[in-house]
Amino acid sequence: MHEESAFPGAGAPLARFGGLLATEPVDVTDDPAALDSTGWWAVAVDYEGRLRCVRFGRVRPDPAPPRPAGRRHAPDPGRWTSSLSREIYTDGVRRIREHIAAGEVYQANLCRVLSAPVGRDTDPDALAADLAAGNPAPHAGVIRLPSHGVEIACASPELFLRRRGAVVESGPIKGTGRTEADLLEKDHAENVMIVDLVRNDLGRVCAPGTVTVPRLCEVEAHPGLVHLVSTVRGELRDDAGWPELLAATFPPGSVTGAPKTSALRILGDLETVPRGPYCGAVGWVDADRRHGELAVGIRTFWIERARSGAGELRFGTGAGITWGSDPEREWRETELKAARLLAIAAGRRPGPAFGDVAPLRSSGRAEPPGPDTAPAGGGGGVTGVGIPGGPGEREWRGADFRPRRENEAMR
């Protein structure tokens, strides 16, 4: 497959994950069954369910990853615009608490999308190199496929799905603070809720009795903050492959809520723009070896470009809302999660504390891309096969394509 970029200056197609460099794309599809075929695939799934799988013809150990340049990829943090203002976000937290009081939901992850203008020379591969230096993450990676509107630099700390043959794992994160002392009882309760949801999701495609929780609410330190992390593991049934696994688990429970379908409905009323790659999944699958690893698309930048090559750099941030949530504390958590990475994107040395970066401007409601902006998976525009039952179809289009079971209380 010979590909020419539709966006000048965007760079040649590539993917980098786990010390591997993939080049020379030979196939692009939105059919998840391809991940059970042959070859090495880079995978990007928007939160709304739009799937892009790219099979690369050349995959090798990365001989010389880009050197971090500390360059300016985006404006200073204070010049970014938020899809939800502080007032609207904190009001959203209160409204979710009302839904919890009414018994409709136990937890919901309220998110906002940040955006800043960038030029044609902004390169996700160069941005990913600076992220790796300033904010190393266990599930970092980059996909640069400009002709298909995929330019993602990911510094995710969270495992969505790891598959080794029939064994599959998920590593949900719930609970965030600057230090372990900041973690509250609310954070532990939230993590346990989401572990229950992930257990149920995996139980839909795993052999009976194989789903276990080897780790529960362990504290992990990451640059600038700490998280509570759990591990859920199971063994896939013989008749379950990537299509069934994704349909059962997507979107990730840690970035939606519990029950999942109720949380998606509530969030659809509160969030004003599509999340895009944020809270989706990004990673790789080696179909020949039946191995793969997909991260939850958090701490993730993506570019939406006009045909001129200029466009917007976007970044998502959010917080899990429970009955014990304080609206102002949840807003500060969203700023904490964004501050360090926005500073790196601006070519600045990130400070040790959340307050070191200027607050973000808020638009209250972000404007949609202009008519010459390339589609990058927004607006619930699920095309082709994709992920049946992603929120773009299930909630925004009113259809639920996933089979229902009587034990799906947490969905």
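Overall, segment 160-248 carries a charge dipole of about 200 debye about its Cα centre when +1 sits on the Cβ of Lys and Arg and -1 on the Cβ of Asp and Glu, all other atoms neutral.
Please compute the per residue accessible area over segment 50-135 with all protein chains in place, 1.4 Å probe, rounded to a whole number of Å². Numbers along the way, then the final one.
Numbers: 3700 Å² over 86 residues.
Roughly 43 Å² per residue, with all protein chains present.
Here Lys260 is the anchor, and the lysines within straight C-alpha reach of less than 16 Å, apart from those fewer than 8 places off in the same chain, are Lys174.
In the assembled protein chains, Asp27 presents an accessible area of approximately 50 Å² (probe radius 1.4 Å). Basic side chains Lys and Arg get +1 at the Cβ, acidic Asp and Glu get -1 at the Cβ, and with that the dipole of segment 175-309 about its Cα centre reaches some 360 debye.
Taking all protein chains as present, what is the carbon and sulfur share of the accessible area of segment 192-350, in % to the nearest whole number, probe 1.4 Å? Answer for segment 192-350 is 47 percent, counting heavy atoms of protein chains only.
Rolling a 1.4 Å probe across the protein heavy atoms gives segment 245-290 an accessible surface of 23 Å² per residue.
Taking every protein chain into account, the 1.4 Å probe leaves Tyr106 with about 110 Å² of accessible area, to the nearest ten. For segment 1-111, a simple Cβ point-charge model (Lys and Arg +1, Asp and Glu -1, everything else neutral) yields a dipole of about 600 debye relative to the Cα centre.
Rounded to the nearest 0.05, what FRET efficiency is calculated for Asp76 and Arg215 with R0 set to 30 Å and r the Cβ-Cβ distance? Efficiency, rounded to the nearest 0.05: 0.20. Under 5 Å from the amide H of Ala69 lie the amide H atoms of Asp130, each residue being 5 or more positions distant or on a separate chain, with H modelled from the backbone and absent for Pro and chain starts. Summarising the label geometry, the points placed 7 Å from Cα in the beta-carbon direction at Arg237 and Ala207 lie 1.3 nm from one another. For Arg164 and Leu184, a Förster radius of 35 Å and the Cβ-Cβ distance give a FRET efficiency of 0.50, rounded to the nearest 0.05. Along its first, second and third principal axes, ordered by size, segment 1-130 spans 53, 39, 27 Å in Cα coordinates.
With all protein chains in place and a 1.4 Å probe, the accessible surface of segment 61-167 carries 50 percent carbon and sulfur.
The values are calculated or read from the model by the stated rules, or taken from the named source; none is laboratory data. If you're wondering where the values come from, they're calculated on a predicted model, not measured in any experiment. No Cβ is skipped: glycine too gets one built from the backbone with ideal geometry, and neighbour counts run over all protein chains shown. Keep in mind that these areas ignore ligands, DNA and RNA; they rest on the heavy atoms of the full protein, side chains included. Shrake-Rupley method; radii C 1.70, N 1.55, O 1.52, S 1.80 Å.
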